[in-house]
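Just so it is clear, none of the values below were taken in a lab; they were calculated from the coordinates. These figures come from a predicted structure and were not determined experimentally.
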Amino acid sequence: AASIITGQTAETSIATDDTILIHDTSASALRKMTRANFVSGIGGTNTPAFLIRKTSDQTVSDGATTKVTFDASAKDVDTNSDWDATNNRFTPSVAGKYYFFWKGQASSTGGNGTVETVEAMFYKNGSVVAATGMAIGFENNNGRYVAPLTFTILDMNGSSDYVEAYQSIYVSSGTPTIHGSSSSQWSAMFGGYKIIE
């Protein structure tokens, strides 16, 4: 009867061990279930997640594919302590699909530096899996920046799979540099998070 429900005292919150009433279709019977068990298969979180930035410049060779190093003190997010500061890579501790993003920040220093082409890449377990390239020139504008954005979705096994950020910078003059800054809007940054499936 409806009064079995409507006649009860109203609650404004539910504790983990409180029970709710459900209909078990396989048994054609009413059953009770704790709130904890009821919600265990619903929703999820986008973790592990991380975001790390460069705070200082990294000089590279013209046209060379170079692994990007990050400043461990500029780690804005690391929910599961999965960022490996020694090896500059992310090794998630939970298996699943992950969305990764990598904003390169390239410049050419010295004289009238000119950036011609920039490539930003993801490496998974030591091999390139995604890349973005930009062909552009800033003539006679030393200190100007080119910031390609690369993103991808990768399956990670939650134990040994790891992801790293790489960059190539081609210049017609000056010294190619992966730019870092104390200001987040001007620094190269690398991040990602687990997708809820």
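Some points to look at:
- GNM flexibility winner over the chain from ASN125, ASN157, ASN37 (Cα, springs under 10 Å): ASN37
- Partner lysines whose Cα lies under 17 Å from the Cα of LYS32, excluding those fewer than 8 positions away in the same chain, are not found.
- Eligible lysines near LYS194 by straight Cα distance, threshold 24 Å, same-chain separation 8 or greater: LYS54, LYS67, LYS75, LYS97, LYS103, LYS124
- Based on DSSP H segments of at least four residues, each scored -39500 (n - 2.57), the chain has a per-residue ellipticity at 222 nm of -1000 deg cm²/dmol.
- Structure remark: mean-square fluctuation, Gaussian network model of the chain, C-alpha springs under 10 Å; the largest value among LEU51, LEU154, LEU21 belongs to LEU21.
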